[in-house]
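The values are calculated or read from the model by the stated rules, or taken from the named source; none is laboratory data. From a predicted model like this one, the values you see are computed outputs, not experimental measurements. As a convention, Cβ positions derive from the backbone with ideal geometry for all residues, glycine included, and neighbour counts pool all protein chains shown. In case anyone asks, the SASA skips ligands and DNA or RNA and just uses the protein heavy atoms, side chains included. Shrake-Rupley method; radii C 1.70, N 1.55, O 1.52, S 1.80 Å.
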Amino acid sequence: MNEILIDRTDGVMTITLNRLDKKNALTRDMYAAIADALAQTDADAKLRVVVLQGHETIFSAGNDISDFLNRLATTQESPAFQFLRAISTFSKPLLAAVCGPAVGIGTTMLFHCDLVYAGDNAAFSMPFVNLGLCPEAASSYLAPQLMGYGRAAEALLLGEPFLAESALEMGLISRIVPPSEAAALAQRQAHKLAGKPLNSLIETKRLMKKSQAGLVAERMQEEGASFAHLLHEPAAREAFTAFMEKRKPDFSKV
Ligand code: COA
């Protein structure tokens, strides 16, 4: 079955994560497909807006941990990093409908979305440290900016999840609705945007992001180098193996 579904209707491209048996964990092929779709939309004047969505019960469990274990994300040229560069530099409006858990990159990609509509069952988490890793997607810069250092430290150092109401209060998401309504709301807003003058949308987004664009690119590069290094360290190998073996990791020897 296709793990990324792509629909193009009236200028709106909708990208659906469709790997429910693995909780929409993202593989190399899935990242590559999304990065291609974003590049296609950026280059095609008929496509004006992108919506990213998962399922009413799960947005994404983050990077596929067996890909991590098999060392399939080890350089900054890997599809995951290409996806992050594509999402963080995408010029047109980018929306997301998020319900259920949004883990790791499932949360950090939202820092690069313009409008996020969340189900009241949404739970956001960035448990990189618990996996022996470090933040990506410039979340080490964007999370403290958005949440304040204290809450970012709970989210990034402890890996504690936060719920839709906190995400709304800090401005990570735009609105909370029942899970059954999130996708429809994102579609309505996307179609409204698709009817607006494209160059005005692009210029407005560029101006709003201008002050942080250089810092985001620089931080993503630095995070990427650390992340790629940490992936090979004993702590990460233990965390990935423990996840696959459905046990708690033992960091006492690493
Ligand atoms: N990578 C690979 N497989 C994953 C996965 C991931 N990130 N997340 C879930 N899966 C797989 C599980 O191994 C399981 O596979 P199986 O049925 O073959 O045993 C299946 O998806 C269902 O997952 P399960 O944990 O049983 O579902 P749940 O509803 O109890 O919990 C989550 C859902 C998302 C909370 C939980 O799966 C989770 O925490 N996943 C890991 C998140 C993570 O650490 N991601 C990396 C961030 S950098």
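Key figures for this structure:
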| quantity | calculated |
| --- | --- |
| Zone residues, the range 11-42, relative to residue 5, backbone N less than 17 Å from point 7 Å out along Cα-to-Cβ | 12-25, 30, 34 |
| Mean Cβ neighbour count within 10 Å, used as a protection proxy, ranking 169-176, 58-65 highest first | 58-65, 169-176 |
| Top of 55, 232, 112 by mean-square fluctuation, Gaussian network on the chain, Cα under 10 Å | 232 |
| Cβ-based charge dipole, the chain, positive-most Cα from 204, 110, 123 | 204 |
| Pairs from 22/92; 46/209; 205/246; 23/92; 210/248; 23/192 whose Cα-Cα separation, in the structure shown, is over 32 Å | 205/246; 210/248 |
| Furthest towards positive pole of dipole, 66, 235, 37, structure part the chain, Cβ charges | 37 |
| Highest-fluctuation residue, 37, 164, 190 considered, GNM on the chain with Cα pairs under 10 Å | 37 |
| Solution diffusion estimate, µm²/s, Stokes-Einstein, the range 145-185, Kirkwood Rh from C-alpha pairs, 37 °C, viscosity 0.692 mPa s | 289 µm²/s |
| Where 22, 46 fall by accessible area, highest first, once all protein chains stay in place (1.4 Å) | 46, 22 |
| Inter-centroid distance (Cα atoms) of the range 43-87 relative to the range 190-252, Å | 9 Å |
| Lys, Arg +1 and Asp, Glu -1 on Cβ, resulting dipole of the chain about Cα centre, debye, nearest 20 | 420 debye |
| Tail weight of P(r) past 19 Å, computed on alpha-carbon pairs of the range 201-253, percent | 54 percent |
| Alpha carbon convex hull of the chain, projected area averaged over orientations, nm² | 12.8 nm² |
| Residue order for 223, 3 - accessible surface, 1.4 angstrom probe, largest first | 3, 223 |
| FRET efficiency estimate (nearest 0.05) - Cβ-Cβ, residue 129 to residue 245, R0 22 angstrom | 0.65 |
| Net charge of Cβ neighbours under 12 Å - reference residue 176; Lys, Arg +1; Asp, Glu -1 | -3 |
